[in-house]
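Student: This is the structure I want to talk about, given as structure tokens.
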Amino acid sequence: MQKTAPGLLSLAASIDFSAYAPLGLPPATAALLERVRSQLTSGQPEWKASTDAETRIPVERYFSPEVWQAEVQALFKPLPLIAAHSSELAPGQAMAHDAFGVPLLLSRDADGTLRCFLNVCRHRGMRMLERGCAQTRNSVVCPYRGWTYRLNGSLSHMLHAETFDACAQGARDLVAVLCAERHGLIWVVPDAKSTLDLDAYLGGLNAELPFYGIEKLQHFRTIEAEYPANWKLIIDAFLESYHIRVLHQKTIYPFFADSVTSAERFGPHIHSLVARRAALEWANRPGSAAPDTVEGLSQLATTSQVVFPNTVTIFHPDYLSLISVVPTGPETLRWTHRMLIPADKSTPDWAPHWEKTFQLIEQGVFQKEDIHCAIGIQHGLKTGANTHITVGRAEVALSWFHEQVRHATAPHLSTESQLKSS
Ligand code: FES
Ligand SMILES: [Fe+2]
């Protein structure tokens, strides 16, 4: 049985993935691709045969201040959150990180050891590093009166140290925050009282992620923005392909089959493949083998994962979009989109190509289409037009996600609030 973080539902995968291992793809990905193939050869998307009831999500889940507070307490403080890609922080560098609403400082020693601290001076609490890309440095100096810390967080210098009382060794070091590095990603747990066991938290995703080679990619660009919508509306947008045919008709729909998706759960996380049009010919060619590289797979299907609670991976054919959303209020969110590219295509001559690609996906697809719809939904939530949002059988992964959020937040909600939002 898969171990699950406290407060999250444990959902063992229903398929015997080991049967697909010989294909060369990781087990769940292989099983999902076979499900894509069978939908394309039969012409019958899985949702056509589904007998599940439609799901109804109360609109209060998207604007209630109490629900928002419960989500912060249950999800955004105690759970491991993806803070950056490993390539953003070279040995001997440090950087500020503010996306989680807590001022953090990430550092990497010359020997490669990753650390995270509160970005707060131990003298009178001044912020240490300002926002920006990681910079190479030997130490971090408080801009107020120059207290100086090594990259391992230890205090190395106090101006006029004799004016302070003696204290225990380490008592004035930067305050450490739990962090870890796995699959090329830097994970942080913002709440000091929590623990961090990434293997248990990621469960079956641990067997899938190495295939995708995230640690071999290189960070190209990050964009951060604030939007007037509930954070879950962004996650919702990446949990179904039902909308691609209409919303993305002129942008990405020409590359995708209509609503052919397969998805599976790993504990609270969701792993899915969305069929691309090129897969139709492959699926119907007798004896066609499954690809055994991420490049081959991404020609046939786009892999996307919701790494619970707030990160979405989208493996485009030649790069990765890593999207994180954090609630800044009940009806506002902070969006962070990182573009990660192959290391062998990260030389300066490739920059114009990636810049253009990034603008097309970030502005042309995400901002003008997906985020535009999230904001459009938020405008109408309190009008009384709908008491619930309706989720159809082609959008079933949304109900999995909301089930996890509801389960995790229940202990933090009053009975009255639970009733209103269930
Ligand atoms: S607050 Fe940092 S040195 Fe005074
Ligand atoms: Fe979309």
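The values are calculated or read from the model by the stated rules, or taken from the named source; none is laboratory data. In this text, all values refer to a predicted model and were calculated from it rather than measured experimentally. Ideal geometry is used to build each Cβ from the backbone, glycine not excepted, and the neighbour counts take in all protein chains shown. Keep in mind that these areas ignore ligands, DNA and RNA; they rest on the heavy atoms of the full protein, side chains included. Shrake-Rupley method; radii C 1.70, N 1.55, O 1.52, S 1.80 Å.
Residue-by-condition table, conditions (1) of a type in the set (S, T, N, Q); (2) out of contact with any Ser or Thr (no Cβ under 7 Å at 6 or more places or on another chain); (3) not assigned by TED's automatic domain parsing to the domain that holds residue 360:
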| site | (1), (2), (3) |
| --- | --- |
| 251 | yes, yes, no |
| 265 | no, yes, no |
| 269 | no, yes, no |
| 287 | no, yes, no |
| 296 | no, yes, no |
| 299 | yes, yes, no |
| 310 | yes, no, no |
| 320 | no, no, no |
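Student: Pairs please, first residue from the range 241-255 and without any contact (Cβ under 8 Å) to a residue 12 or more places away in the chain, second anywhere and among the basic types (Lys, Arg) and away from ligand 1 (no atom under 16 Å from the Cβ), Cβ atoms under 6 Å, 6+ apart in sequence or on different chains.
Tutor: From residues that are without any contact (Cβ under 8 Å) to a residue 12 or more places away in the chain, the pairs are 253/245.
Student: Hey, another quick one. Is it fair to say residue 210 is open to solvent by 60 Å² or more (accessible area, probe 1.4 Å) and assigned to a helix (DSSP H, G or I)?
Tutor: Values: open to solvent by 60 Å² or more (accessible area, probe 1.4 Å): yes; assigned to a helix (DSSP H, G or I): yes.
Answer is yes for this residue.
Student: Among the residues of the range 98-110, is there at least one that is assigned by TED's automatic domain parsing to the domain that holds residue 161, within 16 Å of ligand 1 (Cβ to nearest atom) and touching a His at 6+ places or on another chain (Cβ under 9 Å)? Don't jump to the end; show me each part of the working.
Tutor: First pass over the range 98-110, keeping only residues assigned by TED's automatic domain parsing to the domain that holds residue 161: 98-110.
Now restrict to residues that are within 16 Å of ligand 1 (Cβ to nearest atom): 103, 105.
In the following step, the residues that additionally are touching a His at 6+ places or on another chain (Cβ under 9 Å) were identified as 103, 105.
The answer is yes; a qualifying residue exists.
Student: Further question: Yes or no: residue 185 at pLDDT 95 or above, crowded, with 21+ Cβ neighbours inside 10 Å and either more than 16 Å from ligand 2 (Cβ to nearest atom) or in the same structural domain as residue 403 (by TED's automatic domain parsing) (or both)? Full working, then the answer.
Tutor: On the way: at pLDDT 95 or above: yes; crowded, with 21+ Cβ neighbours inside 10 Å: yes; either more than 16 Å from ligand 2 (Cβ to nearest atom) or in the same structural domain as residue 403 (by TED's automatic domain parsing) (or both): yes.
So residue 185 fits the description; yes.
Student: Would you confirm whether any residue within the range 382-390 is touching a residue at least 12 places away in the same chain (Cβ under 8 Å), hydroxyl-bearing (Ser, Thr, Tyr) and either in a helix (DSSP H, G or I) or buried (at least 21 other Cβ atoms within 10 Å of the Cβ) (or both)?
Tutor: Looking only at the range 382-390, we keep the residues that are touching a residue at least 12 places away in the same chain (Cβ under 8 Å), and these are 382, 386-390.
Then drop every residue that is not hydroxyl-bearing (Ser, Thr, Tyr), which leaves 387, 390.
Of the ones still in play, those that are also either in a helix (DSSP H, G or I) or buried (at least 21 other Cβ atoms within 10 Å of the Cβ) (or both) are none.
The answer is no, given that none of the residues of the range 382-390 is touching a residue at least 12 places away in the same chain (Cβ under 8 Å), hydroxyl-bearing (Ser, Thr, Tyr) and either in a helix (DSSP H, G or I) or buried (at least 21 other Cβ atoms within 10 Å of the Cβ) (or both).
Student: Mind checking which pairs have a first residue in the range 346-369 that is assigned by TED's automatic domain parsing to the domain that holds residue 320 and a second that is of a type in the set (Phe, Trp, Tyr), Cβ under 6 Å, 6 or more apart or different chains?
Tutor: 354/220
Student: May I ask you to list the residues in the range 240-255 that are open to solvent by 20 Å² or more (accessible area, probe 1.4 Å) and either assigned to a helix (DSSP H, G or I) or not acidic (Asp, Glu) (or both)? Spell out the reasoning first.
Tutor: Here is the first cut: in the range 240-255, the residues open to solvent by 20 Å² or more (accessible area, probe 1.4 Å) are 240, 242-243, 245-247, 249-255.
Matches in the range 240-255: 242, 243, 245, 246, 247, 249, 250, 251, 252, 253, 254, 255.
Student: While we're looking at this one, here's another question. Which residues, counting only those in the range 347-366, are polar (S, T, N, Q) and open to solvent by 60 Å² or more (accessible area, probe 1.4 Å)?
Tutor: If we filter the range 347-366 for residues that are polar (S, T, N, Q), which is where we start, we get 347, 357, 359, 363.
347, 359, 363 - these are the residues of the range 347-366 that are polar (S, T, N, Q) and open to solvent by 60 Å² or more (accessible area, probe 1.4 Å).
Student: Go through the range 167-207 and report how many residues are of a type in the set (Val, Ile, Thr), in contact with a strand residue (DSSP E or B) (Cβ under 7 Å, 6 or more places away or on another chain) and assigned to a loop (DSSP other than H, G, I, E, B). So that I can check it myself, show each step before the final result.
Tutor: So in the range 167-207, the residues of a type in the set (Val, Ile, Thr) come out as 175, 177, 186, 188-189, 195.
Of the ones still in play, those that are also in contact with a strand residue (DSSP E or B) (Cβ under 7 Å, 6 or more places away or on another chain) are 175, 177, 186, 188-189.
Add one more test, that the residue is assigned to a loop (DSSP other than H, G, I, E, B), and what stays is 175.
Qualifying residue count, the range 167-207: 1.
Student: Inside the range 269-380, counting only helices (runs of 4 or more DSSP H) that do not spill past its ends, which hold 1 or more residues that are under 21 Å from residue 229 (Cα atoms)? Full working, then the answer.
Tutor: Working: elements: 278-284, 294-300, 351-359, 372-380.
So the answer is 372-380.
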